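Here's the structure we're looking at; comments come further down.
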Amino acid sequence: MTSIIKVQDLRKTYDDVVAVDGISFEVAEGEIFGMVGPNGAGKTTTIECIEGLRNADSGQMSIFDLDPQHDRSRIAERIGIQLQQSALPARIRVSEALVLFASFYQRQADPQELLKRLGLTEKRSSAYAKLSGGQKQRLFIALALINSPEVVFLDELTTGLDPQARRAMWDLVRDIREQGRTVFLTTHYMEEAERLCDRVAILDHGRIVALDTPEALIRSLGVESRLVFTLPNGSDDLSLQDLPQVSRVETSGDRVVVYGSKEGLASAVLNALEDAGIDFQDLRTEQPNLEDVFLALTGREMRE
Ligand SMILES: Nc1ncnc2c1ncn2[C@@H]1O[C@H](COP(=O)(O)OP(=O)(O)OP(=O)(O)O)[C@@H](O)[C@H]1O
Ligand SMILES: [Mg+2]
C-alpha cells in the first residue's frame, strides 16, 4: 500500500481545549477513508491540519510527501475541499461559482458534467441564496471536484441531503475511487461509513480509539446479534432471559429485543416462544453494525 497521507503524533489545541491529542494514521492511495466520531471529537480539526488550513501544534504530517504548512499552494492545486461550514455570496449563480472556482486551478474538470452529476443542471442560473440547503451542499461538493483533485476531503459529505441525493453521492464517491483517486470523508451516518469506506477511524476526545475495515471493526468487538419481534397480545413473563444464548431482553410496549450470541440465538428463542405458546409477529434478526461498534466505543452520553 502506498500512503498518500501520513500523520504522526498530530496534536492541536485551542487555548485550553485539546482538540486533537496525538493521533497517527495513514491513508492509502485510492482508498475511501472515513473518520467518524461524536461532535467535537476533532475530525474537522484533523482534516484542516492536513489540508494546511490550520497549523498543528506538533507532529509530522505529509500529503503527496509534501508538508501541509510549507507547501500549501502546491498541495491546494491537487486536493479538493468540501468545508463543513461554508458560504458563497448570496447573488452568485451556480454556474458562475463553478467558473470562478475553476479559475483558481490549472487543472479543471468539466463544469457541465459536474452539474449533471450533482443534479444541479436545472439550477445552473439560480442565485446561491435561492438554493435549498441540500442544493447548496451539492454545489460545495461540485466545487470540491472542480480541479479533478487527486485527494478529495469531504467533511460531512451527506449531512442535510435527502435519501436520493445521499445514494447518488455514494455512487459519486465510488466513481472517484474507481478513477484511482483518494477520498477522505467524515460522516455522522454509520451506515454510510460502513457501506462506503474501505477503512474507518473512530475518533473520540481527540484520539483514535479504533481504525480498521468496517467488517473487522464489527468482528473485533464481537457485538451481539439481536432478535426483534412484537407480541400482539402482550406477555408478562417471557423467561427468555434464562436461555444460555440470551444476554439481555429489552421490552418497550409490545416490542421485544433479545440480545445474544450469534450462534443459535434465533432458534433457541423461537423454540422457547413456541413451547410457551406465545403469539409473536414481525420477527427478524439484526446483525451487529458499525453503529453498535461506535456506541460501544464512544458511549451513549451526548457531547458538549
Ligand atoms: N476555532 C476554534 N476555536 C476554539 N475551539 C475550537 C475551534 N474549532 C474547534 N474547536 C474545539 O475543538 C474541538 C474539536 O472540534 P472539531 O470541529 O475538530 O470537532 P468535530 O469532530 O469536527 O465535531 P463535529 O462532529 O461537531 O463537526 C471541540 O471541542 C471544539 O469546540
Ligand atoms: Mg466537524
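The values are calculated or read from the model by the stated rules, or taken from the named source; none is laboratory data. What you see is a predicted model; the values in this text were computed from it and never measured. Neighbour counts are summed over all protein chains in view; Cβ atoms, including those assigned to glycine, are modelled from backbone coordinates with ideal geometry.
Please work out which residue is surrounded by the most Cβ atoms within 10 Å (Cβ to Cβ), limiting yourself to the range 17-32 and to residues that are within 12 Å of ligand 1 (Cβ to nearest atom) and not acidic (D, E).
Per the criteria, the residue is V20.
Return the residues of the range 1-16 that are surrounded by 10 or more Cβ atoms within 10 Å (Cβ to Cβ), on the phi < 0 side of the Ramachandran plot and not β-branched (V, I, T); say none if nothing qualifies.
Within the range 1-16, S3, K6, Q8, L10, R11, K12, Y14 qualify.
Scan the range 38-56 for residues that are of a type in the set (D, E, K, R), in contact with a helix residue (DSSP H, G or I) (Cβ under 9 Å, 6 or more places away or on another chain) and within 12 Å of ligand 1 (Cβ to nearest atom) and jot them down.
Correct list: R54 only.
Is it the case, given these coordinates, that M35 is in contact with a Cys (Cβ under 7 Å, 6 or more places away or on another chain) and either within 11 Å of ligand 1 (Cβ to nearest atom) or of a type in the set (A, V, I, L, M, F, W, C) (or both)?
For M35, the condition - in contact with a Cys (Cβ under 7 Å, 6 or more places away or on another chain) and either within 11 Å of ligand 1 (Cβ to nearest atom) or of a type in the set (A, V, I, L, M, F, W, C) (or both) - is not met.
Any residue in the range 120-149 that is assigned by TED's automatic domain parsing to the domain that holds L172 sitting within a Cβ distance under 8 Å of a residue that is of a type in the set (F, W, Y) and assigned to a loop (DSSP other than H, G, I, E, B)? List the pairs, counting only those 6 or more apart or interchain.
Within 8 Å, the pairs are I146/Y105; N147/F104; N147/Y105.
How many of the residues in the range 269-295 are hydrophobic (A, V, I, L, M, F, W, C), surrounded by fewer than 17 Cβ atoms within 10 Å (Cβ to Cβ) and not in a loop (DSSP other than H, G, I, E, B)?
Count: 3.
Can you name every residue in the range 109-162 that is among the acidic types (D, E), modelled with pLDDT of 95 or more and farther than 26 Å from T182 by Cβ?
E122
Going residue by residue through the range 110-117, is there one that turns out to be hydrophobic (A, V, I, L, M, F, W, C), under 25 Å from E77 (Cα atoms), in contact with a helix residue (DSSP H, G or I) (Cβ under 7 Å, 6 or more places away or on another chain) and crowded, with 18+ Cβ neighbours inside 10 Å?
yes
Could you run through the range 148-176 and say how many residues are among the polar types (S, T, N, Q) and surrounded by 22 or more Cβ atoms within 10 Å (Cβ to Cβ)?
1
Filter the range 10-23 for residues that are in contact with an Asp or Glu (Cβ under 8 Å, 6 or more places away or on another chain) and either closer than 22 Å to L295 by Cα or within 12 Å of ligand 2 (Cβ to nearest atom) (or both) and give the result.
The initial filter retains those residues of the range 10-23 that are in contact with an Asp or Glu (Cβ under 8 Å, 6 or more places away or on another chain), namely 11-13, 22-23.
Correct list: I23 only.
Within the bounds of the range 165-187, is there any residue that is in contact with a Cys (Cβ under 8 Å, 6 or more places away or on another chain) and either charged (D, E, K, R) or within 16 Å of ligand 1 (Cβ to nearest atom) (or both)? Write out each step before concluding.
Initially, the range 165-187 is screened for residues in contact with a Cys (Cβ under 8 Å, 6 or more places away or on another chain), giving 185.
Now drop any that are not either charged (D, E, K, R) or within 16 Å of ligand 1 (Cβ to nearest atom) (or both), which leaves 185.
Yes, that holds for at least one residue.
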